[in-house]
Ligand SMILES: [Zn+2]
Ligand SMILES: [Zn+2]
């Protein structure tokens, strides 16, 4: 048995009582609902939108809590899903990753599968840092070797004799320093040569 809907006539306007706030409101203040009384929802638009807002906030808080509680499982699940892409089982991955990153030997960092884009085959297991470096240098062996050579070459004696200023924090920088951070003017570089 549906709840009795109270209506009243206000001049020529029919008004209906909202079942939540109990206020009489004209029909335009209710959303359309074919099965409802006068073809309108039993909650007024305001109550309905407030309820939706509350539910959305509750939902957000709940899913945030759920994420915090299940963070580790989610990370693991995503890893397994990624392994699926590489046609690897979790066991095969653990076996491949047992000695850590195949380049630097890092164990702690998150390890990932490295694959050759040309052949589509798995090349090996790399830590996050090595994988990023490889990508940033375009997987170019010459560039990677040159960078290693650069580091070796720019040893203490070869350093450009200028000590980098330690800035305490962004706030302590003067406006002039801030202005100079992004772009070096020609006059600055001339001093170095
Ligand atoms: Zn209402
Ligand atoms: Zn590494």
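Bear in mind that the values in this text are calculations on the coordinates, not laboratory data. Remember, predicted model here, so these are calculated numbers, not experimental data. Cβ atoms come from the backbone with ideal geometry, glycine included; neighbour counts cover every protein chain shown.
Here are the numbers for this structure:
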item: Fewest-first sequence of 25, 165 by Cβ atoms within 10 Å of each Cβ; result: 165, 25
item: Gained length - residue 29 relative to residue 110, 0.36 nm times residue gap less alpha-carbon distance; result: 23.7 nm
item: Spacing of the two label points (7 Å from each Cα toward its C-beta) at residue 95 and residue 19, in nm; result: 6.2 nm
item: Part-to-part distance (alpha-carbon centres) for segment 13-44 and segment 73-112, which is given in Å; result: 58 Å
item: Inter-label distance for residue 46 and residue 72, nm, one decimal - labels placed 7 Å from Cα along Cα-to-Cβ; result: 5.0 nm
item: Additional length obtainable on full extension of the chain from residue 162 to residue 87, 0.36 nm per residue less Cα span; result: 21.9 nm
item: Extension gain, residue 145 back to residue 79 (0.36 nm per residue minus Cα-Cα distance, nm); result: 20.7 nm
